[in-house]
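Below: the structure, in structure tokens.
The values are calculated or read from the model by the stated rules, or taken from the named source; none is laboratory data. These numbers come from a predicted model, not from an experiment. Cβ atoms come from the backbone with ideal geometry, glycine included; neighbour counts cover every protein chain shown. Calculation scope for accessible area: heavy atoms of the full protein, side chains included, ligands and nucleic acids excluded. Shrake-Rupley method; radii C 1.70, N 1.55, O 1.52, S 1.80 Å.
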Amino acid sequence: MTISEAPLPVPTSTAPVSLAEAPEALHVSEPEVPWAEDWGGEGSGVRLKLLMADVEGAVFTVRIQMRPGTQLPPHLHTGAVHAFTHAGEWCYLEYPDSPHSRAGSYLYEPAGSTHTLKVSDTCPEVMDATFTVHGAMIHYAEDGSVAAVGDAATHLRDYFAALRALGTPLPKLIRGGTSGYTDEA
């Protein structure tokens, strides 16, 4: 049997789902979420806001800003990544013929993508982008060994630790599992 011989069933009920049965849509006011400054170490040129961390679903969303000239270590993504650039300009060093991401750009990275993110040296504007990362990021040291692994669980842990170290009140964030808000705030 081919696919064309077995059409997908079409739902016949048009009854709406009751509000009691529908999952709640969760909301975070991004401007109210604090920045973790110097993400990745003092003088890194990186600031980060964690907006959502679904440990069970292996996905997290961050808003990240980087100063011109900032370069991240090479890393591998075990899952897909969706990125939207709000300001600035950046690229991957391994793909010089690929268009640079600029304000208004959407970028999709397939699972298995390995690259080195570099913020433009010539664009005076801070790079500002939102990334939704599925799976983990495997960060490599200069010698090619694994230096660190970043995923929903490590970002959740490290983000709250960074805010505590700064004495910043902890925000409510969207978490995974049964869906709800973090209990940290």
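Every Cα-Cα pair in region 63-185 was counted, and those over 26 Å apart are 27% of them.
Here the ratio of the Cα radius of gyration of region 32-102 to 2.2 N^0.38 Å is 1.20. Inter-part distance, region 125-185 to region 94-109, computed on C-alpha centroids, equals 23 Å.
How do the peptides 26-32, 145-151 rank, highest first, by the average count of neighbouring beta carbon atoms within 10 Å per residue? Could the numbers behind the result be given before it?
Details: 26-32: 10.6, 145-151: 13.7.
Final packing ranking: 145-151, 26-32.
Counted by Cβ distance under 15 Å from GLY135, the other residues give a net charge of -4, where Lys and Arg count +1 and Asp and Glu count -1.
Just how large is the dipole of region 100-146 about the Cα centre, in debye to the nearest 20, putting +1 at every Lys and Arg Cβ and -1 at every Asp and Glu Cβ?
Taking the Cα centre of region 100-146 as origin, the dipole is about 160 debye.
Ordering VAL149, ALA162, THR61 by Cα displacement along the dipole of region 19-174 toward the positive end leaves ALA162 in first place; charges were set at the Cβ atoms of Lys, Arg (+1) and Asp, Glu (-1).
Quick check: net charge around PRO124, other residues with Cβ under 15 Å of its Cβ, Lys/Arg +1 and Asp/Glu -1? Walk me through the numbers before you get to the answer.
Details: positive: ARG67, ARG102; negative: GLU89, ASP121, GLU125, ASP128.
Net local charge, PRO124 excluded: -2.
Averaged per residue, what accessible area in Å² does region 33-108 show with a 1.4 Å probe, protein chains only? Please list the in-between numbers first.
On the way: 3600 Å² over 76 residues.
Averaged over the residues of region 33-108, the accessible area is 47 Å².
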